[in-house]
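The structure appears below as structure tokens.
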Amino acid sequence: MSISVVIPVLHEGEHINDVLTALEVSANGRTYETIVVDADPAGGTITHIKDSRVVTLRAEKGRARQMNTGAARATGEIILFLHADTLLPADALAKIEKALSDGSCV
């Protein structure tokens, strides 16, 4: 299963690369798509992103609008909405895939 991680942000420039690094660590080698959706019309957070693999979008203010914008762009079979202040546990993406492939859980 492929996973798209959508991160709605606003004024997170100082910490966004730490969030992206923590996500990569928790992915533990699994492939995933990252989409950061900035509610700042000037793109204040996305201008700080160092990883060129990250898809960056802008949306009107409002977490729901940002999440919908990211979801519309996502290519994964699974969409994980992640707050910029949330750190996932080790091997989180594998655990998500395992839970969603278990027919008794879905």
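The values are calculated or read from the model by the stated rules, or taken from the named source; none is laboratory data. Just so it is clear, the structure is predicted and the values come from calculations on it, not from any experiment. Glycine gets a Cβ as well: all are built from the backbone with ideal geometry, and neighbour counts include every protein chain shown. Heads up: the accessible areas ignore ligands, DNA and RNA and are worked out on the full protein's heavy atoms, side chains in. Shrake-Rupley method; radii C 1.70, N 1.55, O 1.52, S 1.80 Å.
The residues listed here are Thr31, Thr69; of these, the one that is open to solvent by 80 Å² or more (accessible area, probe 1.4 Å), among the β-branched types (Val, Ile, Thr) and farther than 19 Å from Glu14 by Cβ is Thr31.
Go through the range 84-106 and report how many residues are closer than 20 Å to Glu24 by Cβ and either open to solvent by less than 60 Å² (accessible area, probe 1.4 Å) or over 15 Å from the mean Cα position of the chain (by Cα) (or both).
To start, the set of residues in the range 84-106 that are closer than 20 Å to Glu24 by Cβ comprises 84-98.
From what's left, either open to solvent by less than 60 Å² (accessible area, probe 1.4 Å) or over 15 Å from the mean Cα position of the chain (by Cα) (or both): 84, 86, 88, 90-98.
Going through the range 84-106 one residue at a time, the tally reaches 12.
Only one of the numbered conditions (1) aliphatic (A, V, I, L, M); (2) touching a Ser or Thr at 6+ places or on another chain (Cβ under 6 Å); (3) touching a residue at least 24 places away in the same chain (Cβ under 8 Å) is not met by Leu57, and that is (3). Each residue in the range 1-12 was checked for being of a type outside the set (S, T, N, Q) and open to solvent by 10 Å² or more (accessible area, probe 1.4 Å), and 5 of them qualify. Of the residues making up the range 26-73, just one is closer than 14 Å to Ala84 by Cβ, assigned to a strand (DSSP E or B) and among the acidic types (Asp, Glu), namely Asp38. Can you find a residue that is open to solvent by less than 50 Å² (accessible area, probe 1.4 Å) and among the charged types (D, E, K, R) anywhere in the range 75-83? Scanning the range 75-83, I find no residue that is open to solvent by less than 50 Å² (accessible area, probe 1.4 Å) and among the charged types (D, E, K, R), so the answer is no. Taking the conditions exactly as written (open to solvent by 10 Å² or more (accessible area, probe 1.4 Å), among the aliphatic types (A, V, I, L, M) and within 25 Å of Lys98 (Cα to Cα)), does Ala64 satisfy them or not? So Ala64 fails the test.
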